[in-house]
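Quick notes on the structure that follows.
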Amino acid sequence: MKISQLPAPVLAGVVYGKNRPGAISAIKNCMFAGADIIDLHLECLDEQTEDAFREIISAAKLPVLALNYISANCDQGWEEFEQQRIEGFLAALRAGAAGIDIQGYTFHRPSQNGFCGEDKYSFTKGNPKEVVTDEAVIAQQCALIEKAHSMGAEVLLSCHPGIVMKTEQV
């Protein structure tokens, strides 16, 4: 079942397992507690393989949303790390995840910590984090979203701007 088709409200079990047994155990606890979906944090797993993801995801019996948040301290080898992160998302989808959660700073590390770009929007003076207006970066993000959709998956684009914004600005 698609995550977006679940009746609201949806209760997500958040899993930060370090290894296969830990993640599976956490998933089973979430299911016992009544979770409707599983948020699986890939960045916590010590094994980043499609087989590991498949074993963990198949234990869920619920839709799984794969996440991979970047640590604020992850500055070394950014391009290589970002490519590995994207490959991890695609491996999770091939392994059965229902969707992925990509962040607004995907493909543009500097925007994780503040706005980078032309100050032409009403909200940019507030220096929002994780907001990208660069068309080339947005095109890369759209290509990733289209790739996920072509695999039958859903995509959540999440931004954590750290500032108050009006509905129209969002």
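The values are calculated or read from the model by the stated rules, or taken from the named source; none is laboratory data. Since the model is a prediction, treat every value here as computed from it, not as a measurement. So basically every Cβ, Gly included, is an ideal-geometry build from the backbone, and we count neighbours across all protein chains shown. Accessible surface areas use protein heavy atoms only, side chains included; no ligands, DNA or RNA. Shrake-Rupley method; radii C 1.70, N 1.55, O 1.52, S 1.80 Å.
Some points to look at:
- Within the accessible area of the chain, the carbon and sulfur atoms contribute 54%, probe 1.4 Å, all protein chains present.
- Pairs beyond 24 Å (Cα-Cα), from Lys2/Lys61; Lys18/Lys129; Lys2/Lys28; Lys28/Lys129; Lys61/Lys129: Lys18/Lys129; Lys28/Lys129; Lys61/Lys129
- Contact order, relative form, for the chain: 19 percent (alpha carbon pairs under 8 Å, 6 or more residues apart, mean separation divided by residue count).
- Among beta bridges that DSSP assigns inside the chain, antiparallel share in %, nearest 5: 0 percent
- The chain - accessible surface per residue (Å², probe 1.4 Å): 54 Å²
- Spacing of the modelled spin labels on Ile163 and Thr133, each 7 Å from Cα toward Cβ, amounts to 1.0 nm.
- When the inverse distances between all different Cα atoms of the chain are averaged and flipped, the Kirkwood radius reads 16.9 angstrom.
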